[in-house]
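Every number here is computed from the coordinates shown, using simple stated rules; none is lab data. Since the model is a prediction, treat every value here as computed from it, not as a measurement. As a convention, Cβ positions derive from the backbone with ideal geometry for all residues, glycine included, and neighbour counts pool all protein chains shown.
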Amino acid sequence: MDDTGGTDRSFPMALAEVAGVDFYDDHYLVVDEDGDEYHRFGFEPNPYFESAEWTTELLRSWTGNKEVDGDAYLVFGQCGAGGRAMIWRARPGLPLADQPVVFLGSEGERGVVAGNLSDFLWVLADGFGPREAALAAELPSEPDEPLTRIAGRHATTPRRTAREIVTGARAEFPAFSEDLDALCR
């Protein structure tokens, strides 16, 4: 595995296991106080990274900037509304597992989800998909047993709540949104 943080596209085993979880199984079906059913996670993980070419086209479309490339991002899933979860190569020289996880929504939403892959696993284990974690103001814990087991096998950071992880990641990368805005045309 290349640890330069720039060329490695090896799909992490932890994300492969997450991709094996059926997020649309009845286990994830929730009934709200009005009796309406919805799936707790709006997340459809891939068992691979989207191609560099595909990612470049996504970012060009998202920003309206035909000069931007997708080299800094590795897309590994989406939400039901078309937003994308991705690893953002924001830390030159570090391996993929040490890069932050971010979300770009189909309507311009965006946010930092976790400071690294390990913390992202704990966000999932605490009951939040990338879209929910990036955009929600409140993050009440709803621990998930299958995802907690995956995090327990692969995480190298201590277990924390999604709220603690997302708050820390937002503080570490406060200019993420403004940096994206600077790419937009």
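Some observations on this one:
- Percentage relative contact order, the stretch 13-183, counting C-alpha pairs under 8 Å, at least six apart: 17
- Mean Cβ neighbour count within 10 Å, used as a protection proxy, ranking 80-90, 61-71, 121-131, 14-24 highest first: 121-131, 80-90, 14-24, 61-71
- Charged-residue dipole, Cβ positions (Lys, Arg, Asp, Glu), the chain about Cα centre, Debye nearest 20: 660
- q = 0.13, 0.16 Å⁻¹, the stretch 13-183: log10 I(q)/I(0) [Debye, one scatterer per Cα]: -0.60, -0.91
- Thr161 sits among other residues whose Cβ lies under 12 Å from its own Cβ, and their net charge, with Lys and Arg +1 and Asp and Glu -1, is -2.
- Mean residue ellipticity, 222 nm, helices only, the chain: the sum of -39500 (n - 2.57) across DSSP H runs of n ≥ 4, divided by residue count and rounded to 500, is -9500 deg cm²/dmol.
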